[in-house]
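Notes follow the structure.
The values are calculated or read from the model by the stated rules, or taken from the named source; none is laboratory data. Computed from a predicted model, the values in this text were never measured in an experiment. Don't worry about glycine lacking a Cβ; one is built from the backbone with ideal geometry, like all the others, and counts go over all protein chains shown.
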Amino acid sequence: MFSNHLFGLLYDARKEWREISKEPTETISQVYLRHALLLALIPPFALFAGTTQMGWSIAGGDIMFLETASAAVIAVAFYFSLLLGLALMSFLIHAMEHIFGASVSYERCLMLTVYTSAPLFMAGLAGFVPVFWFDALVVMLAASYSLYLLFTGVPVFMDIPEDRGIMFSMMVTTAGMCMLVGGMAITAILWGMGMSPGSLTT
């Protein structure tokens with residue numbers, strides 16, 4: 001089961017990757033319906049609840065609450081952007097694999113992406129407490145473990161030597177960072193065009 005594999009990846013990632021790689025490959029729809037749709041729901045829902053019910057502040061300033069309508073729009077957009085990000089990241093992995101002598105299906109690349117991203121999705125629970133330093137710390141720790149899962153999982157999932165797996169993982173990490181920067185740039189542009197969320201100050 002997916003949940004069992006997640007716990008297994010926490011205490012013995014290398015062994016669990018080998019167990020996952022032996023399982024039959026799921027279809028794209030199965031991956032999304034069984035795993036991705038639920039995991040991607042965690043960060044948007046937590047942030048929606050946190051910013052509308054708990055409030056948020058920057059550097060200890062006034063507590064601000066997002067308007068429910070604005071927060072809902074942001075949460076929905078965030079949710080679909082996460083799903084799209086999974087698909088694009090899997091496509092990049094699939095497109096780059098031949099450079100390192102790997103040859104696996106897009107579905108397996110998607111499964112690799114979902115499992116390695118799982119800690120980041122789970123870290124979204126911190127959104128229930130929208131305190132910047134706390135959320136940043138949780139996300140940094142989750143990102144570090146996601147990188148560990150990527151570097152240990154690529155050689156097993158792609159069936160390539162470990163040295164090639166390290167180089168492959170570095171390229172995947174670079175591509176992911178570029179996607180993140182691109183997303184931040186788009187967000188900044190939209191906010192500059194007047195599409196910033198409505199908020200209430202207490």
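One table, with the values for the structure above:
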item: Positions within the range 21-41 being under 24 Å from residue 124 (Cα atoms) and either buried (at least 19 other Cβ atoms within 10 Å of the Cβ) or of a type in the set (Ser, Thr, Tyr) (or both), in sequence order; result: 29, 31, 32, 35, 36, 39, 40
item: Enumerated helices (runs of 4 or more DSSP H) restricted to the range 1-113, each holding at least 2 residues that are farther than 21 Å from residue 169 by Cβ and not polar (S, T, N, Q); result: 2-11, 42-49, 68-96
item: Hits in the range 20-35 - residues which are over 15 Å from residue 116 (Cα atoms) and touching a helix residue (DSSP H, G or I) at 6+ places or on another chain (Cβ under 7 Å); result: 25, 26, 27, 28, 34
item: Subset of the range 3-41 (residues that are under 20 Å from the mean Cα position of the chain (by Cα) and acidic (Asp, Glu)); result: 16, 26
item: Candidates 68, 51, 25, filtered to the one that is among the hydroxyl-bearing types (Ser, Thr, Tyr), at pLDDT below 85 and within 20 Å of residue 135 (Cα to Cα); result: 51
item: Subset of the range 146-164 (residues that are closer than 19 Å to residue 177 by Cα and without any contact (Cβ under 8 Å) to a residue 60 or more places away in the chain); result: 146, 147, 150, 151, 154
item: Residue 121 in contact (Cβ under 8 Å) with a residue 60 or more places away in the chain, aromatic (Phe, Trp, Tyr) and within 20 Å of residue 147 (Cβ to Cβ); result: yes
